[in-house]
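Shown next, in structure tokens, is the structure this report addresses.
Bear in mind these aren't lab numbers, they're just calculated from the coordinates by the rules spelled out. Because the structure is a prediction, the values reported are computed rather than measured. When we count neighbours, we look across all protein chains shown, and the Cβ atoms used for this are built from the backbone with ideal geometry, even at glycine.
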Amino acid sequence: MNDHQGDALAGLKVLDLSWVVAGPLIGRTLADFGAQVVRVESSVRVETARLMQPFHGGVQDKEGSALFGNCNAGKLGLTLDLKSAEGQQVVRDLVAWADVVVESFSPGQLARWGLDYDTLRADKPDLVMLSTSIAGQDGPWSTLAGFGNVGSSLSGFQHLTGYADRLPMGTFGPYTDYVGPRLALVTLLAALEHRRRTGEGAYIDVAQVEAGIFFLSPQVAHFGYDGTVAERHGNRDEQLAPHGVFPCRSEDGADRFVAVAVRDVAEWRALARAMSRPDLADRADLETAEGRRAAADELETAVADWTAGRRAEDVERVLQGAGVPAHLAVTSDDYPADAQLAHRHHLVELPHPRHGTTWVEGPRYQLSGTPGRPRAAAPALGQHNHEVLSRILGYDADRIAVLTEGETLR
């Protein structure tokens with residue numbers, strides 16, 4: 001885990017005070033590309049992600065969550081009682097060591113502990129600190145508690161997901177937990193570049209709601225232009241047609257589907273011919289996207305009738321071969337064997353202290369000169385307490401013993 005020489009972020013030191021998904025994914029990416037990341041948590045108030053499925057062997061175990069493992073691979077793990085004065089002093093010492101602090105406590109909590117940015121930068125003016133929360137650190141919604149599903153609702157995703165004649169279905173899972181870190185990471189790297197040039201630190205306040213709204217920029221811009229409120233319309237697209245997810249033949253009783261998207265008249269004709277429907281391929285009213293959208297019900301029925309008698313894999317192969325964007329709707333069983341993910345070595349097997357081995361996702365970015373990689377499984381609770389305190393902070397054995405006996409390291 002210490003072999004970071006030549007990595008894109010070699011030498012970067014990060015204190016990770018975040019939890020669940022939105023914050024830890026930022027530190028995870030930094031660790032993949034060579035940063036040394038110290039992850040602080042508590043064994044008393046156990047981090048929520050440690051209690052979330054899926055689990056190794058299907059049995060809930062705070063050391064066996066695949067979600068926690070994926071978000072925290074490559075980090076050093078330190079357990080601290082942050083409510084204690086001694087634990088807060090350890091954090092201050094880690095801040096003095098670190099270049100970056102990432103945190104996701106409820107807005108105002110760090111200030112109550114004297115660990116907020118304004119307090120910390122008094123002793124470390126070049127500190128770069130990033131806070132991530134649902135609605136930001138100030139304003140009337142700042143104290144709103146919740147996870148990414150709440151952020152998804154406030155951003156507008158929940159309203160837009162589903163069919164026009166039914167209630168909203170909502171996106172699966174805490175959607176903005178995965179949108180926010182992407183924008184946050186770019187901003188954080190920009191702050192580090194600014195510090196390199198000027199010596200100045202920065203404070204970054206990431207609101208999941210704002211990150212989600214940015215992701216819906218076209219819909220927001222449309223409303224600003226003429227007052228149009230975006231509505232849900234199932235799997236249809238405002239521009240492309242046909243565009244949807246269609247049922248395929250099931251061989252084991254499980255529902256199977258294939259997604260198809262037609263972008264222009266050439267792809268439409270290729271799809272129609274693949275379905276042996278020259279009558280559709282040659283129709284003048286279907287040569288434009290507008291015409292195909294007007295006939296959406298008819299075209300979707302034709303595509304569904306054709307896919308229903310075929311295996312999803314066969315539909316995918318035939319349509320891709322004809323130049324039509326198509327892919328089977330991947331299930332959890334399909335995912336590990338996906339040829340594209342295998343080609344890019346996206347799933348990585350790592351030694352695990354409790355379960356022998358575990359699997360995590362690889363980096364989301366491929367860099368040619370400095371490729372990233374997960375270097376170790378996520379830490380067990382307190383796994384690196386001694387290493388962090390002695391090697392990184394230089395505490396002697398007596399001081400570590402006092403912290404241990406006083407139950408600060410828990």
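The computed mean projected area of the Cα convex hull in nm² for the structure shown corresponds, within [x] 19.1; [y] 21.2; [z] 24.1, to [z]. Between residue 290 and residue 305, the distance separating the two model label sites (each 7 Å from Cα on the Cα→Cβ line) works out to 2.8 nm.
Projecting label points 7 angstrom from Cα along Cα→Cβ for residue 186 and residue 223 puts them 2.1 nm apart.
Think of each Lys and Arg Cβ as +1 and each Asp and Glu Cβ as -1; about the Cα centre, that makes the dipole of the range 4-93 roughly 120 debye.
Computed extension length for residue 404-residue 249: 49.8 nm, one decimal, from 0.36 nm per residue of separation with the Cα-Cα distance subtracted.
Here the spin labels are modelled as points 7 Å beyond Cα on the Cα-Cβ line, and at residue 330 and residue 397 they lie 5.1 nm apart.
Quick one: in the range 333-410, what % of C-alpha pairs are over 17 Å apart? Walk me through the numbers on the way to the answer.
Details: 1887 of 3003 pairs.
Distances greater than 17 Å cover 63 percent of the Cα pairs.
Straightening the chain between residue 198 and residue 318 buys 37.6 nm, computed as 0.36 nm per residue apart minus the Cα-Cα spacing. Spatial offset of the range 253-313 relative to the range 315-380 amounts to 30 Å, using the alpha carbon center of each. Using every pair of distinct Cα positions in the range 274-410, the Kirkwood expression returns a hydrodynamic radius of 21.0 angstrom. Please give the Cα centre distance for the range 121-177 versus the range 187-209, rounded to the nearest Å. The two parts, judged by their Cα centres, are 20 Å apart. Rounded to the nearest whole Hz, the Karplus-based 3J(HN,Hα) values (6.51 cos²θ - 1.76 cosθ + 1.60, θ = phi - 60°) of the range 241-258 follow the sequence 6, x, 8, x, 10, 10, x, 10, 5, 9, 10, 10, x, 8, 5, 10, 9, 9, with x at glycine and proline. Looking at the chain alone, DSSP beta bridges between its own residues are antiparallel in about 40 percent of cases. Debye sum, Cα scatterers, the range 179-291, no solvent: what log₁₀ I/I(0) at q = 0.10, 0.20 1/Å? For the requested q values the scattering log ratios are -0.60, -1.09. For residue 124, a cut-off of 17 angstrom between C-alpha atoms picks up these lysines, skipping any fewer than 8 places away in its own chain: 13. Among beta bridges from DSSP that stay inside the range 1-150, the antiparallel ones total about 5%. Straightening the chain between residue 93 and residue 10 buys 27.8 nm, computed as 0.36 nm per residue apart minus the Cα-Cα spacing.
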